[in-house]
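One structure below.
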């Protein structure tokens, strides 16, 4: 289960890569704009504002996220993006911080590009920090007993490709492509700032596998490990390098 309220903590910081991504889409009057993995809909709303004349399609696999998106005025629906195919009038597709959860996303990208009309835009963004201490330490703790019996298959760095990997994929599919990476120096505040940050995303599979007591104990063990890797400043804030991978393709 996704917790929309937790995901929206630091919504302004989490949203920066989305706005940098869609800024590279040069679509004028698209007929249909699709948000694959719309989450709570706060960012999807900006797509409707940018292209008010387009039909807006928004899907997410989480009923909780779709409910939150609908509360935000987005006509979202629950669906598995692996089963999604573009309508013939789809001119823009955005997928923001979603494909890292889908092991077969590279095959999906090839299929979607083959199904989109000529001139369509496909824009994607995924985390590039799966080998950062914030994620390495989670996997390290999850590999120890008693957690190893409950926590397996957490995402490693190979869950996503570097920019050149996606550049090659889209270029091989005949697209014009712009691929890049950015590391944002996020300044987080509050106690256990990095732990709270990843609770809304990277720790979701851990939370789903543990009961409430186990979850509290796991967090209590992880917190000092993260504090050592990301020491708070004298003013109580913490710098968190937030690396993201982007690709925008024109079919």
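The numbers here are math on the coordinates, done by the rules we state, and not lab data. None of the values given here were measured: they were computed from a predicted structure. Positions of Cβ are backbone-derived with ideal geometry, glycine not excepted, and every protein chain shown enters the neighbour counts.
Looking at region 12-45, which of its residues are more than 21 Å from residue 79 (Cα to Cα) and assigned to a loop (DSSP other than H, G, I, E, B)? Passing the criteria: 23, 24, 25, 26, 27, 28, 29, 30, 31.
Note on region 26-68: among residues that are under 16 Å from residue 120 (Cβ atoms) and in contact with a helix residue (DSSP H, G or I) (Cβ under 6 Å, 6 or more places away or on another chain), the one that is surrounded by the most Cβ atoms within 10 Å (Cβ to Cβ) is 35.
Kindly indicate the residue of region 127-152 that is assigned to a loop (DSSP other than H, G, I, E, B) and free of Cβ contacts under 8 Å to residues at least 40 places away in the same chain and also surrounded by the fewest Cβ atoms within 10 Å (Cβ to Cβ) among those meeting that condition. Let's see the steps before the verdict.
So in region 127-152, the residues assigned to a loop (DSSP other than H, G, I, E, B) come out as 128-132, 143-146, 150-152.
From the residues that got through so far, the ones that are free of Cβ contacts under 8 Å to residues at least 40 places away in the same chain too are 130-131, 143-146, 152.
Working: 130: 20, 131: 13, 143: 12, 144: 10, 145: 7, 146: 10, 152: 11.
For region 127-152, the residue satisfying everything is 145.
How many of the residues making up region 172-204 are in a strand (DSSP E or B), within 18 Å of residue 162 (Cα to Cα) and touching a helix residue (DSSP H, G or I) at 6+ places or on another chain (Cβ under 7 Å)?
To start, the set of residues in region 172-204 that are in a strand (DSSP E or B) comprises 176-188.
Among the residues that remain, those that are also within 18 Å of residue 162 (Cα to Cα) are: 176-184.
From the residues that got through so far, the ones that are touching a helix residue (DSSP H, G or I) at 6+ places or on another chain (Cβ under 7 Å) too are 177, 179-182, 184.
Going through region 172-204 one residue at a time, the tally reaches 6.
For residue 86, the test of being under 16 Å from the mean Cα position of the chain (by Cα), in a loop (DSSP other than H, G, I, E, B) and within 27 Å of residue 159 (Cβ to Cβ) is failed.
If you check 221, 214 for being out of contact with any helix residue (DSSP H, G or I) (no Cβ under 7 Å at 6 or more places or on another chain), touching a residue at least 12 places away in the same chain (Cβ under 8 Å) and either surrounded by 16 or more Cβ atoms within 10 Å (Cβ to Cβ) or in a helix (DSSP H, G or I) (or both), only one passes: 214.
Can you say whether residue 251 is under 20 Å from the mean Cα position of the chain (by Cα) and surrounded by 20 or more Cβ atoms within 10 Å (Cβ to Cβ), as far as the supplied structure shows?
Details: under 20 Å from the mean Cα position of the chain (by Cα): no; surrounded by 20 or more Cβ atoms within 10 Å (Cβ to Cβ): yes.
The answer is no for residue 251.
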